[in-house]
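Beneath this line is the structure, given in C-alpha cells, with notes to follow.
The values are calculated or read from the model by the stated rules, or taken from the named source; none is laboratory data. Quick caveat, the model's predicted, so the values are computed rather than measured. Quick reminder, even Gly has a Cβ in these numbers, built from the backbone with ideal geometry, and neighbours come from all protein chains shown. Note: areas computed on protein heavy atoms with side chains; ligands, DNA, RNA excluded. Shrake-Rupley method; radii C 1.70, N 1.55, O 1.52, S 1.80 Å.
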Amino acid sequence: MRELFLGEYIKQERLKQGITQEQLCAGICEPITVSRMENGKQTPSYNRICAFLQRLGLPDERFFALLSKNELEIKTLQDEICADRIRFERTSPEHRPPIQAAGLQKLEQLEKLAEPDDRIVRQYIMSERATFGKPDGPYSPEERLKLLLEALHITAPNLDLEEINLGLYSMEETTLLNKIAVTYAQMGQLKKAIDIYRQLLKYVQKHYCDGMSRYAGKFALIAYNYTNVLFMARRYDDALEVAELGRKVCVEYPHYQFLPGILDLMGGCYFYQGNLEKCKEYYRDAYYLYKVIGNERDRLLLEKAAKERLGLDFPF
C-alpha cells in the first residue's frame, strides 16, 4: 500500500470519528507530520504509523510499509525483548537472572538504535525496564510506579488517571495503564487499581470493537488482571462478570494465553461463594489448560489451592 493511500485512509477514519490531527498525534509528534502524511508528502516512521492506527482503533496489519534497515533492526529487537519479558514473567525468581541480563542488554542496544526524538521507542524502553528491573534486582513497587508514570507521560503528558476515557491510546499506552494498575494493586491500593481497570476495559471494549480479533489478547490481559484485583478485593460477583467477558473473548477469537488464569480465578470466586461444584469444574478446566500450555508454576499453585480448599488431588 502506497503512503498516499495510507494517508488518505487515516484521514478518512480520523474524520469519521471526529478526531483532530492534534488529538491523534498528541505526545507523539507535531500536527504538521500528520498533515503531511495525509497529503502524501511525508512518510512517518513505522512506529508512528502503528501508533496512529492503534489510537484510531484500527488493526495495524492492514498496511504495508517499507522499513528502513534501522527500523527493521528496532522491530526485530522489540520482538526479541517481548519474548524475553514473557519468559521472565513466567519463570520462577531464582531462574530469572540470565533472562533479565539478556533483556536489559537488548534494551541498551535498542536505546542506541533509536533516534533521540523517537518518543515511542523511549517509552517502550522505560516500560520494559520497569518489568526487568535493575541489574542488581527488581524495582520496588514505588520505584516501578514512578518509572511507569514517567513513561506514560512521554506521549500522554496531560493524562489524568481519573479520566482515562477522554484520551486516545496506542497499544503501548494501554499496556502502560495496565502495568500501572497492577503496581497499584501490589501496593495495596486496590480501589485505585479497580478504577483504572474499570475505565480501561470500557475503553478497549468501545475503541477496538471492530478490530477485536487483532486486540483480543490485550482485552484478555486486561480482563484477567481486572478480575484478579476484584478477587483480591473480595468482590466475587463483579470478578465473575469481568472474567466471563474475558473468557468469551479468549474462546471466540481464539486467544488462549490468559484463558487458564481466568478460569482459575473463576473457580476461586465460586469457592468463596460456596458453590463447590462450580469451583471444582473451573479448577479442573484451568488445571489441564495449564498443563497443555506448559505453565508449571501456575499449575502447581492451582494444585495446592484445590487441595487446601476442596481437599482434592488431581486428577478429579
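Among 186, 170, 213, whose Cα projects farthest towards the positive end of the dipole of the chain, with charges put on the beta-carbon of Lys, Arg (+1) and Asp, Glu (-1)?
Selected residue: 213.
Taking the Cα centre of the chain as origin and charging only Cβ (+1 Lys, Arg; -1 Asp, Glu), how large is the dipole, in debye to the nearest 20? All intermediate terms of the calculation are to be shown ahead of the outcome.
Working: 44 positive and 46 negative charges, 74 e Å.
Here the chain has a charge dipole of around 360 debye.
Extension gain residue 19-residue 244, at 0.36 nm per residue separation less the Cα-Cα distance, in nm?
77.8 nm
Show that you can apply the helix-only estimate: for the chain, add -39,500 (n - 2.57) for every DSSP H stretch of four or more residues, divide by all residues, and state [θ] at 222 nm to the nearest 500.
Using -39500 (n - 2.57) per qualifying helix, the result is -23000 deg cm²/dmol.
I need the shape label for the range 209-315. Rule: rounded when a/c is under 1.5, else prolate if a/b > b/c, else oblate, with a, b, c from the alpha carbon gyration tensor.
Oblate.
Would you mind calculating the relative contact order of the chain from Cα pairs under 8 angstrom and at least 6 residues apart, reporting the percent as a whole number?
12
At a 1.4 Å probe, what is the % contribution of carbon and sulfur to the accessible area of the range 71-118?
Within the range 71-118, the accessible surface is 53 percent carbon and sulfur.
Could you tell me whether the range 149-253 comes out rounded, prolate or oblate from its Cα gyration tensor? Rule is a ≥ b ≥ c as square roots of the eigenvalues, rounded for a/c under 1.5, then prolate if a/b exceeds b/c, otherwise oblate.
It is oblate, given that a/c is not under 1.5 and a/b is not larger than b/c.
Percent relative contact order of the range 184-298, based on C-alpha pairs within less than 8 angstrom and at least six residues apart?
Over the range 184-298, the number comes to 20 percent.
Keeping all protein chains in place, calculate the accessible area per residue for the chain (probe 1.4 angstrom), answer in Å². Kindly include the intermediate steps, with their values, before the conclusion.
On the way: 15860 Å² over 316 residues.
Per-residue value: 50 Å².
With the alpha-carbon atoms as the only input, what is the per residue convex hull volume for the range 262-316 in Å³?
In the range 262-316, the Cα convex hull volume per residue is 62 Å³.
What is the distance, in nm, between label points placed 7 Å from the Cα along the Cα-to-Cβ direction at residue 108 and at residue 71?
2.9
Taking each full run of DSSP H in the chain as one helix, which ones are at least 15 Å long along their axis (Cα atoms) and have mean Kyte-Doolittle hydropathy of at least 0.5?
What comes out of the filter, once short or polar helices are dropped, is 259-272.
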